[in-house]
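Quick notes on the structure that follows.
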Amino acid sequence: MDKTIVTKKPETNQLVFERTFDATQERVFNAFSNADALAKWWGPRGWQTETKEFNFEPGGRWHYGMKCVDENQGEWFGQTSWGIMQYNTIDQPNGFTYIDYFSDETGAINESMPKTETTMNFETVDGKTRVTGTTTCESREAYDQLVNMGMVEGLSETWDRLEEYVQGS
C-alpha cells in the first residue's frame, strides 16, 4: 500500500498531501463526490462520519460530523467534531477546490478555529491515480495550530482508509 507523502511548507502556511491509489481516477474522485462513500472512509481510524447536508457542486457544501467510537482514544471517545466543506470549483474527475471550516452540529461556523483553502488534484499515472491535496492556512498561527492538533496524522489515516475503500468496495 502506498503511503501518504506530506510536505510541510510553514513559510507559505501550506501542507501538501500526495498519494497514489491503485484505482481508476473516476473511482477515487467518486469516493470524494458521494456522501455515502465519504461516510465509509472519511476521518481517522476509530471515528465514524455522519452527513447532515451534502451538495457536491460549486457553491454547495458538505456538513459533516466525525464521532470518536474507539474507547482506546481516551478523552476523545464519544466526542463529535463538526465541519463544513464549502465547494468552490469542481472539474470532475480532475479536481475540486473548497474552503474547510470547523462548525457545530447546526452548521454555524466556529470563527475561533482556523479555516483552510484546499485544492485537490487527481491524475492518472501508470494506470493508478495520484491525488495531491494542497491546504493553505490563513496565517502561520493557524498553520501551527492545525499541525499541533494532529491534522497531518489524521489526514494520513483518512487516506489509509480511502485506500482500503477504493480497493475493497
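The figures follow:
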item	result
Calculated from backbone phi, Karplus (6.51, -1.76, 1.60) coupling profile of segment 96-102 in Hz, x at Gly/Pro	7, 10, 7, 9, 10, 10, 7
Residue-by-residue Karplus 3J(HN,Hα) for segment 83-94, coefficients 6.51, -1.76, 1.60, Hz, glycine and proline x	x, 9, 9, 9, 6, 9, 10, 9, 10, 5, x, 8
Helical mean residue ellipticity (222 nm; -39500 (n - 2.57) per DSSP H run of 4+; nearest 500) of the chain	-8000 deg cm²/dmol
Straight-distance crosslink candidates among aspartates and glutamates, where the alpha carbon sits under 13 Å from Lys8 and sequence neighbours closer than 8 are dropped	Glu18, Asp144, Glu153
Over segment 57-113: Rg over Rh, Cα atoms, Kirkwood Rh	1.10
For Asn110, distant residues with modelled amide H under 5 Å away	Phe102, Ser103, Asp104
Table column - 3J(HN,Hα) (Hz), segment 28-35, Karplus curve with 6.51, -1.76, 1.60, x for Gly and Pro	5, 4, 5, 5, 8, 9, 10, 4
Computed over the chain: relative contact order in percent, which uses C-alpha pairs under 8 Å that are six or more apart	27 percent
Cα→Cβ-extended label distance, 7 Å offset, between Val69 and Met149, nm	2.3 nm
Descending semi-axes in whole angstrom, ellipsoid equivalent of segment 1-91, from the Cα gyration tensor	22, 20, 16
Shape parameters for segment 27-169, alpha-carbon atoms, Rg then Dmax in Å	14.9, 43
Surrounding net charge for Gly78, when Lys and Arg each add one and Asp and Glu each subtract one, Cβ distance under 15 Å	-4
Percent of Cα-Cα distances greater than 17 Å, calculated over segment 6-54	55 percent
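Read the figures in this text as sums done on the coordinates, not as results from a lab. Computed from a predicted structure; not experimentally measured. Note that we place each Cβ from the backbone using ideal geometry, even for glycine, and neighbour counts take in every protein chain shown.
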